[in-house]
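The values are calculated or read from the model by the stated rules, or taken from the named source; none is laboratory data. Remember, it's a predicted structure, so these values are computed and weren't measured experimentally. A quick note on method: Cβ atoms are made from the backbone with ideal geometry, for glycine too, and the neighbour counts reach across all protein chains shown. With ligands, DNA and RNA removed, areas are computed over all heavy atoms of the protein, side chains included. Shrake-Rupley method; radii C 1.70, N 1.55, O 1.52, S 1.80 Å.
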Amino acid sequence: MASSLLSSPAKPFCSTTKTTPAPKATRFPSPRFLSSAHVLSAARRLRAVSARASQQQPPPPRGQQQRRPEYVPNRIDDPNYVRIFDTTLRDGEQSPGATMTSAQKLVVARQLARLGVDIIEAGFPASSPDDLDAVRSIAIEVGNPAPAGDDGGADATHVPVICGLSRCNRKDIDAAWEAVRHARRPRIHTFIATSDIHMQHKLRKTPEQVAAIARDMVAYARSLGCTDVEFSPEDAGRSNREFLYHILGEVIKAGATTLNIPDTVGYNLPYEFGKLIADIKANTPGIENAIISTHCQNDLGLATANTLAGARAGARQLEVTINGIGERAGNASLEEVVMAIKCRRELLNGLYTGIDSRHITLTSKMVQEHSGLIVQPHKAIVGANAFAHESGIHQDGMLKNKGTYEIISPDDIGLTRANEFGIVLGKLSGRHAVRSKLVELGYEIGDKEFEDFFKRYKEVAEKKKRVTDEDLEALLSDEIFQPKLIWSLADVQATCGTLSLSTATVKLIGPDGEERIACSVGTGPVDAAYKAVDQIIQIPTVLREYSMTSVTEGIDAIATTRVVVTGDVSINAKHALTGRSFNRSFSGSGASMDIVVSSVRAYLSALNKICSFAGAVKASSEVPEIASVPSTE
């Protein structure tokens, strides 16, 4: 079987959008598909069944999108349909420095709905009052049908399930239900560790006690009125098989509708994980009444391969994140998993998803900007080099036939190459030309936002002969993808050199509209400017990371700066897996042709996040704790 997979001829393109105009999307360089089909080894006893199902429901012709089956929590009417469960806002946000404000989470959730994900895990409501409020806002605004007249994207009627994570205790489950119950389709996702090492050293409980807790807490979640409950046996990849079958059977009887099988530490190889899913499907009592899901970490770089192996073995929900962000080495990447299924469907028994892949590039860019986590240039599907061809042999092949070195079309992920546009922007370009260019790149912003952006554009255009798409995107990121403005930069002046101390004078506009000025000296102009900002805002912080990159080549390029800081803010945040409180990190980004101005903008962006977060925590602490769902634990 393996040899037949390896010898199957690959089609030069996986494009399915030739007959459908692509929606507006950003231009960021992205994706070359990385095929993992040869590592998918599902259990043999399921192959014949899967093949028969595929023959009964053949894939549609290329260019034709299949209809998303009606959502029922514990079953999928089409055996070839795979649900996409996005946990960018929960597991993805556990990446150091990836903290997003509530407003940013809401923006990302809206984009995930446009992308077409089936389930959005919006957060861990018990971790902090701010996270509960953020999940509740997403449940209300994204988890319900859009008002008449709103543009809901390609699938305007699609409303995603909104999910909240909880540990197996009543307090967590109460918080999760309070946050998600406002959605049209709410889900509670509860988990407890099942591997020997976790039960002995972390939980200090016997397998019998763990099984009883899992059963009782799933039943409790159902008793609150939640008809969609997902259960995860943490570290399932290293758990005893017989115990897994037992505990999964117990939670099914208690009312679990989805069974998520996590490879929590990224330990399994693809054939191991595929066999694990197959064995669970074959040996768990009542499994026909639940959906099997996968959640694969990327510690050994196998998250995407393991996820695809699980899908081929019978899993019909796949847990992923945008850009693969997440704890430690991250999670299975949504864009990689979705494009693999789309590109090699014939080797995956006809599986398909409801994702509109033409929104991938814009979604990836949005998550990068809001989380502060920039993908590496060679990242599959959304990396800057994914569609770049520098080798002469490759360029020659591309000029003759794009299929020689590109196995998917850039249009499939909403990527438009810069040289396919005719508008060239400069200092004489007017509002209409600039706005048209933004629309071509996939950005539709309000009039006020556009005027703010146009002012920044003119400042750059006066200094540069030509403003590139990369320049526009950097300016947009600095103007649009920023946290709530509490402190804003008015002016900064710095001096440095070998003859005297580096000094900086900074003028900021505070939340009350008043101007405040401070001067400071430092080891360099950026250090001096940061110390001046600290004198004004007076929030104790520690600078953890500082990086700067050039947007384009040339001495007149725009510089983008990213910083990560930790603040002295009491937030009572808890880690989803360990339950321990931790001091959050906050990232910020800024852009300018002046490196000092770019650096100060980035620092202010991070400080504004801290101020917003501290304000939300303070406001939440002044409101009584959840009263609508009392905890009895």
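Using the Karplus equation 6.51 cos²θ - 1.76 cosθ + 1.60 (θ = phi - 60°), what ³J(HN,Hα) coupling, rounded to whole Hz, does each residue of segment 341-347 give in order, writing x for Gly and Pro?
5, 5, 7, 10, 4, 5, 9
With only alpha-carbon atoms counted, please give the Rg and Dmax of segment 475-562, in Å.
14.4, 40
Given H placed 1.01 Å from N in the peptide plane, which residues other than close sequence neighbours of residue 467 have an amide H under 5 Å from its amide H?
Sorted by chain and number, the residues that satisfy this are 425, 426.
Give me the mean projected area, in nm² to one decimal, of the convex hull enclosing the Cα positions of segment 176-249. Before the final figure, lay out the partial values.
On the way: hull surface 20.5 nm².
Mean projected area of the Cα convex hull: 5.1 nm².
Which whole-Hz ³J(HN,Hα) couplings does segment 521-529 yield from phi under the Karplus relation 6.51 cos²θ - 1.76 cosθ + 1.60, θ = phi - 60°, glycine and proline marked x?
10, x, 6, x, x, 5, 4, 5, 5
What ranking do 202-210, 348-356 get when scored by the average of other Cβ atoms within 10 Å per residue, highest first? Show your work: numbers first, answer last.
On the way: 202-210: 14.0, 348-356: 22.6.
Descending mean neighbour count gives 348-356, 202-210.
Need the full-extension length gain, residue 72 to residue 539, defined as separation in residues times 0.36 nm minus the C-alpha distance. One decimal, nm. Don't skip to the answer; put the middle values down first.
Numbers: separation 467, 0.36 × 467 = 168.12 nm, distance 4.88 nm.
Taking 0.36 nm per residue and subtracting the Cα distance, the gain is 163.2 nm.
For residue 261, which sequence-distant residues (separation of 5 or more, or a different chain) have an amide H within less than 5 Å of its own amide H, given hydrogens modelled in the peptide plane?
Answer set, sorted by chain and number: 293, 294, 295.
For segment 83-371, what number results from the quotient of the Cα radius of gyration and 2.2 N^0.38 Å?
Values: Rg = 17.6 Å, N = 289, 2.2 N^0.38 = 18.9 Å.
Dividing the Cα Rg of segment 83-371 by 2.2 N^0.38 Å gives 0.93.
Short version: ³J(HN,Hα) in whole Hz for each residue of segment 291-300, in order, from phi by Karplus 6.51 cos²θ - 1.76 cosθ + 1.60 (θ = phi - 60°), x for Gly and Pro, what are they?
Couplings: 9, 8, 10, 10, 9, 10, 7, 10, 4, 9 Hz.
How big is the Kirkwood radius of segment 488-618, worked out from every pair of different alpha carbons and given in Å to one decimal?
Numbers: mean 1/r = 0.0637 Å⁻¹.
Value: 15.7 Å, from the Cα pair sum.
Scan around residue 83 for amide H atoms under 5 Å from its own, H built in the peptide plane at 1.01 Å from N, and keep only partners 5 or more places away or cross-chain.
Here the answer is 317, 318, since their amide H atoms fall under 5 Å of that of residue 83.
From the protein chains alone at 1.4 Å, what is the descending order of accessible area for 136, 345, 67, largest first?
Working: 136 60, 345 35, 67 205 Å².
The residues order as 67, 136, 345, largest area first.
Return the subset of 342/402; 205/609; 427/609; 458/609 for which the Cα-Cα distance in this structure is over 30 Å, preserving the input order. Show your work: numbers first, answer last.
On the way: 342/402 19 Å; 205/609 40 Å; 427/609 33 Å; 458/609 28 Å.
Result: 205/609; 427/609 exceed 30 Å.
Please give every one of the aspartates and glutamates within straight-line cross-link reach of residue 448, meaning a C-alpha to C-alpha distance under 14 Å, and leave out same-chain neighbours fewer than 8 residues apart.
Straight-line reach from residue 448, under 14 Å: 479.
Run the numbers on segment 239-333 and let me know its relative contact order in percent, using alpha-carbon pairs under 8 Å that are six or more apart.
On the way: 165 pairs, mean separation 27.9, N = 95.
29 percent.
What order, most packed first, do the peptides 370-383, 167-180 have when packing is the mean number of other Cβ atoms within 10 Å of each residue?
Details: 370-383: 21.0, 167-180: 24.1.
Highest mean packing first, the order is 167-180, 370-383.
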